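The values are calculated or read from the model by the stated rules, or taken from the named source; none is laboratory data. As the structure is a computational prediction, the values presented were derived from the model and not from experiment. Every residue, glycine as well, gets a Cβ built from its backbone with ideal geometry; the counts of neighbours run over all protein chains shown.
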Amino acid sequence: MTENNHEPSFSSSEEENSASASLGKTHEGNEGEEKKEDSLQSDLSPQERIKALEDELAEMQDKWMRSEAENQNIRARNKRELEDTRLYAVQKFARDIVEAAENLRRGVASLPTKQEGENDIITKMREGFETTERSFLSILDRNGIVGTDPTGAMFDANLHQAMAEQPDENHPTGTILQAWTLTWTLHGRLLKPAMVVVAKNEKVPASEN
């Protein structure tokens, strides 16, 4: 004899009824929460309800102001970063330009000192070099590249590179007696330190400056 095993099955209508019942319970739960809140609100006096709303509004305003302040800080920071990128993106190229300016200065310095009755070719060559140098430096200045002669200033390791010390009793220790090169900056940021010779005064040690 053959036995038939029948697996329990659910019709689609039963599944729909089950889903509807579940949604109904959820809906009833939400309605219960809303009714509970309404009940709590109804227990408050008008003044208390106004106070609660004012507190909630103040909290929302405080959150909004904090968020707005943070957004302003982010915008300001991004603006500074973009500005720095724009200003200093050519820093490597600027260093190469400074090398050209220093070579031009060496060329001018190598010419003989101007004398009366000198050859016109030497005079015109000197004038040509000097005019070219002034024009070149003016172009650099317009683009934020500035060279400063530190001679006479006090040595600053952030701006100068000491190449030698020279005994000198007429200046305090650390005074720059001679600058072999200028201090070059790009929009105020150090581009290349000046190579300098500084004074060494045995009577006035550096710690007493």
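May I ask you to list the residues in segment 133-155 that are touching a Gly at 6+ places or on another chain (Cβ under 9 Å) and either surrounded by fewer than 15 Cβ atoms within 10 Å (Cβ to Cβ) or part of a helix (DSSP H, G or I) (or both)? Break it down into steps so the answer makes sense when it comes.
Pass one, segment 133-155, residues touching a Gly at 6+ places or on another chain (Cβ under 9 Å): 133, 137, 140-141, 144, 146, 154-155.
Selection gives GLU133, LEU137, LEU140, ASP141.
Does VAL90 fit the bill of being out of contact with any strand residue (DSSP E or B) (no Cβ under 7 Å at 6 or more places or on another chain) and over 19 Å from HIS187 (Cα atoms)?
Working: out of contact with any strand residue (DSSP E or B) (no Cβ under 7 Å at 6 or more places or on another chain): yes; over 19 Å from HIS187 (Cα atoms): no.
No; evaluated as a whole, the condition is false for this residue.
Listed residues GLY107, GLY117; which is without any contact (Cβ under 8 Å) to a residue 24 or more places away in the chain, loosely packed, with under 11 Cβ neighbours inside 10 Å and either part of a loop (DSSP other than H, G, I, E, B) or in contact with a Phe, Trp or Tyr (Cβ under 8 Å, 6 or more places away or on another chain) (or both)?
Unique residue meeting the criteria: GLY117.
Table: residues versus (1) modelled with pLDDT of 80 or more; (2) under 30 Å from LEU186 (Cβ atoms); (3) part of a helix (DSSP H, G or I); (4) not polar (S, T, N, Q).
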site	(1), (2), (3), (4)
ASN17	no, no, yes, no
ALA21	no, no, yes, yes
LYS25	no, no, yes, yes
GLU34	no, no, yes, yes
GLN41	no, no, yes, no
LYS51	yes, no, yes, yes
LEU57	yes, no, yes, yes
GLN61	yes, no, yes, no
TRP64	yes, no, yes, yes
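Please tell me if PRO172 is at pLDDT 95 or above, over 25 Å from ASP84 (Cβ atoms) and assigned to a loop (DSSP other than H, G, I, E, B).
Judged against the criteria, PRO172 is not a match.
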